[in-house]
Ligand SMILES: [Zn+2]
């Protein structure tokens with residue numbers, strides 16, 4: 001038996017760009033499809049660190065417009081860890 005020891009990094013989105021539908025401004029998205037994820041380290045204009053950038057496609061819940069957006073991801077810090 002080989003145990004899979006895969007480190008699952010939980011990521012949270014610190015910023016999305018554009019943050020809303022370019023057509024109607026609705027932030028509710030549906031059918032998100034990830035295209036590519038790149039390991040890019042940086043800081044958003046709000047000062048949020050990110051370690052990954054993901055390109056996605058999604059449909060707007062309001063007007064059903066399909067559009068591309070980027071998500072800046074940062075691993076969720078574990079509980080008990082303070083920095
Ligand atoms: Zn829309």
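Values in this text are rule-based calculations from the coordinates and carry no lab data. Note that the coordinates shown come from a computational prediction; the quantities given were computed from them, not determined experimentally. Cβ: placed from backbone, ideal geometry, glycine included. Neighbour counts: every protein chain shown.
Quick look at the values:
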item	result
Fluctuation leader among 36, 53, 14 - the chain, Gaussian network, Cα springs under 10 angstrom	36
Fluctuation leader among 52, 68, 31 - the chain, Gaussian network, Cα springs under 10 angstrom	31
Percentage relative contact order, the chain, counting C-alpha pairs under 8 Å, at least six apart	34
FRET efficiency, 1/(1 + (r/R0)^6) with R0 35 Å, evaluated for residue 3 and residue 48 via beta carbons	0.50
Stokes-Einstein diffusion coefficient of the chain, Kirkwood radius over Cα pairs, 25 °C, 0.890 mPa s, in µm²/s	171
Segment residue 38-residue 55, extension gain: residue separation times 0.36 nm, minus the distance between their alpha carbons	5.3 nm
